[in-house]
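What follows is one structure encoded as structure tokens, with my remarks underneath.
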Amino acid sequence: MTELLLIRHGLPRAGVFDPGLSPEGTAQAERLAAWLVHEDLDALYTSPFQRARETAAPLERLTGLTATVLDDLREWDTDVSHPYTPPEQIRADDPRSVAMAEGRYEDFVPDLDWDDFRARAARAMDTILDAHPGGRVAAVCHGGITNTYLATVLGLAQMFWFHPGYTSVSRVRRMPGGRIVLHSVNETAHMVAERGAEPAEAANATQAAETTATADTVDAVA
């Protein structure tokens, strides 16, 4: 079995080209690294975008791994010639914000070639899984590509279907026969808890902060 952790980057700065992390995003990345260092990662990958690479940096430092930059992990916003604004900071009266609030996620990026994006997401994850049979690998990427890949695993027609938190972790597992199963979605316990906490304390923190969909019985195949 191979386990793949899909990690959304931390909160980026707004209004700049290919932004790095904001101070809050840097703190999120540090908490993520302190949490995942206990999971014996075998490899680390990152999107080429700066916000992903800076999220991966604390993990590189604590694990001693060097992140492989995989171009196929990039987000749908491949044009970095315009200032980036995090979706949560788009004005409420902007049509994109309205579309997102109403769950019309495809309308948020109406010009996207959805077939190409879905194929690229699957290709990226297959590349990683193929390279590390039997290992545990983390890939720091983006909310859109995580959405699309997990939708493919589950056989969903809607490619954007949930809103991952910053530095959230979603997990898939490739079973020995090649079947891909969804294990969890949107883990965020690291934002309020620390590994090594008292059991009751850790359980309460996890219940309050983590939205996890355990799906070991899901039969969907990517």
Model label zone, Arg61; criterion: amide N under 15 Å from point 7 Å along Cα-to-beta-carbon; scope the stretch 16-33: 21-33
Could you give each residue of the stretch 125-136 its phi-based ³J(HN,Hα) in whole Hz, using Karplus coefficients 6.51, -1.76, 1.60 with θ = phi - 60°, and x for Gly or Pro? 5, 4, 4, 5, 4, 5, 7, 9, x, x, x, 10
Label-to-label distance, nm, for residues given as Leu156 and Met1 (7 Å Cα→Cβ offset): 2.3 nm
Starting at the first residue of the stretch 29-43, write each ³J(HN,Hα) from the Karplus equation 6.51 cos²θ - 1.76 cosθ + 1.60 with θ = phi - 60°, in whole Hz, x for Gly and Pro. 5, 5, 5, 4, 5, 5, 7, 7, 4, 7, 9, 6, 5, 8, 7
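Read-outs throughout are calculated quantities, based only on the coordinates presented, and are distinct from any laboratory measurement. Quantities reported herein were computed from a predicted structural model and do not represent experimental measurements. When we count neighbours, we look across all protein chains shown, and the Cβ atoms used for this are built from the backbone with ideal geometry, even at glycine.
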